[in-house]
Amino acid sequence: MAPYMRLRQICLVAPQLAPVISGIAEIMGLAVCYRDGNVAKYGLENALLPVDTILLEVVAPFKDGTTAGRFIEKTGGRGGYMAIFCCNDPDERGRNANALGVRTANVIDHAPYHGVQLHPRDCRAAFIEFNHTKGSDDILGPYPPAGPDWQKFIRKDVTQALTAVEMQSPDPQGLAEHWGKIIGIVPSDDAELKLPNATFRFVKGTNEIMSALEFQVADVAEVLHVAKAKGLAVAGHEFLLGGVTFRVR
């Protein structure tokens with residue numbers, strides 16, 4: 001079987017869920033497809049919105065002592081939380097990561113879904129998760145974390161696609177090579193990892209964080225107008241929401 005690797009989901013973290021979810025939905029023209037009660041055992045609440053076939057998730061802690069809460073404290077709320085990839089064999093990707101000195105933080109086994117989460121300190125910048133849903137290699141097929149009928153909530157009249165994820169580091173090429181070894185993709189000379197459905201771009205920055213998400217939208221000016229009307233500070237083609245820069249093209 002040929003190797004299969006796609007961006008499946010981006011997870012952001014916020015101190016409160018409701019204002020970030022409503023902001024994303026209203027500005028980007030997206031709809032919530034699912035709220036997963038299973039994350040309550042981690043002291044979290046969440047909501048997921050499909051951006052075409054990539055899921056955008058926001059999690060927020062509702063009690064003290066959560067990993068997400070510590071992430072907010074450590075980063076000052078700046079930076080994306082997790083990049084989630086679907087692949088043929090999450091356990092193989094986990095073993096490969098372990099051989100690179102990247103520890104496994106958590107294994108999720110909810111048949112037909114199987115996920116391997118890696119330790120964010122070892123990944124650098126953000127969590128990485130690999131997962132696979134048995135019997136579903138169709139990108140529009142079942143994906144349990146997004147609910148039973150997530151496909152029905154895809155909206156494309158405002159936002160067409162999530163096209164790129166920007167990662168910052170004092171050593172962008174080094175971080176690109178590190179993530180490339182974990183994911184199994186060789187970075188380009190300009191520090192990019194190209195997946196079939198999105199690009200990870202590594203740029204110079206003070207801290208190692210997932211710094212921005214780039215979206216293809218129908219009307220850039222209209223999206224920026226709505227963001228400004230919601231009280232967000234718009235600069236150029238971008239604004240800050242949920243700890244990351246939303247950049248529209």
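Selection of strands (runs of 3 or more DSSP E) fully inside region 208-249 by the criterion of at least 2 residues being more than 23 Å from Ile72 (Cα to Cα) returns 209-217.
Contact map, region 202-231: first residue over 29 Å from Ala125 (Cα atoms) and among the hydrophobic types (A, V, I, L, M, F, W, C), second residue part of a strand (DSSP E or B) and open to solvent by less than 10 Å² (accessible area, probe 1.4 Å), Cβ cut-off under 8 Å, separation 6 or more or different chains; pairs are Ala218/Thr159. Residue-level check: of (1) touching a Lys or Arg at 6+ places or on another chain (Cβ under 8 Å); (2) within 22 Å of Val244 (Cα to Cα), Ala125 misses just (1).
Restricting to region 19-32, count the residues that are among the small types (Gly, Ala, Ser) and either buried (at least 18 other Cβ atoms within 10 Å of the Cβ) or in contact with a His (Cβ under 7 Å, 6 or more places away or on another chain) (or both).
Quick first cut of region 19-32, residues among the small types (Gly, Ala, Ser) only: 22-23, 25, 29, 31.
Now drop any that are not either buried (at least 18 other Cβ atoms within 10 Å of the Cβ) or in contact with a His (Cβ under 7 Å, 6 or more places away or on another chain) (or both), which leaves 23, 29.
The number of residues fulfilling the criteria is 2.
Can you find, within region 37-60, the residue that is farthest from Tyr4 (Cα to Cα) among those that are open to solvent by less than 30 Å² (accessible area, probe 1.4 Å) and more than 14 Å from the chain's Cα centre (by Cα)? It comes out as Gly43. Within region 148-159, residues that are over 27 Å from His110 (Cβ atoms) have Cβ atoms under 7 Å from residues that are open to solvent by 60 Å² or more (accessible area, probe 1.4 Å) in these pairs: Asp157/Ala218; Val158/Ala218, counting only partners at least 6 apart in sequence or on another chain.
Would it be correct to say that Thr206 is of a type in the set (Val, Ile, Thr) and touching a helix residue (DSSP H, G or I) at 6+ places or on another chain (Cβ under 6 Å)? The answer is no for Thr206.
The residues of region 69-83 that are surrounded by 22 or more Cβ atoms within 10 Å (Cβ to Cβ) and on the phi < 0 side of the Ramachandran plot, listed by number, are Gly80, Tyr81, Met82, Ala83. Looking only at region 204-223, residues that are in contact with a strand residue (DSSP E or B) (Cβ under 8 Å, 6 or more places away or on another chain) and open to solvent by 40 Å² or more (accessible area, probe 1.4 Å) come to 6 in all.
Taking the conditions exactly as written (among the hydroxyl-bearing types (Ser, Thr, Tyr), more than 20 Å from Gln168 (Cβ to Cβ) and open to solvent by less than 30 Å² (accessible area, probe 1.4 Å)), does Tyr113 satisfy them or not?
Values: among the hydroxyl-bearing types (Ser, Thr, Tyr): yes; more than 20 Å from Gln168 (Cβ to Cβ): yes; open to solvent by less than 30 Å² (accessible area, probe 1.4 Å): yes.
Judged against the criteria, Tyr113 is a match.
Counting only residues that are of a type in the set (Lys, Arg), at pLDDT 95 or above and either surrounded by fewer than 16 Cβ atoms within 10 Å (Cβ to Cβ) or closer than 21 Å to Ile182 by Cα (or both), region 122-169 holds 3 of them.
Out of curiosity, is Val186 at pLDDT 95 or above, open to solvent by 60 Å² or more (accessible area, probe 1.4 Å), among the aliphatic types (A, V, I, L, M) and within 30 Å of Arg103 (Cβ to Cβ)? Talk me through it step by step, then tell me what you get.
Details: at pLDDT 95 or above: yes; open to solvent by 60 Å² or more (accessible area, probe 1.4 Å): yes; among the aliphatic types (A, V, I, L, M): yes; within 30 Å of Arg103 (Cβ to Cβ): yes.
So Val186 passes the test.
Of the strands (runs of 3 or more DSSP E) lying entirely inside region 1-117, the ones with 2 or more residues being without any contact (Cβ under 8 Å) to a residue 12 or more places away in the chain are found at 104-110. Say whether the condition of being open to solvent by 40 Å² or more (accessible area, probe 1.4 Å), within 16 Å of the chain's Cα centre (by Cα) and more than 14 Å from Phe153 (Cβ to Cβ) is met by at least one residue in region 4-18. Yes.
The values are calculated or read from the model by the stated rules, or taken from the named source; none is laboratory data. A quick note: this is a predicted structure, and the numbers were derived from the prediction, not measured. Because the Cβ atoms are built from the backbone with ideal geometry, glycine has one as well, and the counts that use them run over all protein chains shown. The accessibility values were calculated without ligands, DNA or RNA, using every heavy atom of the protein model including side chains. Shrake-Rupley method; radii C 1.70, N 1.55, O 1.52, S 1.80 Å.
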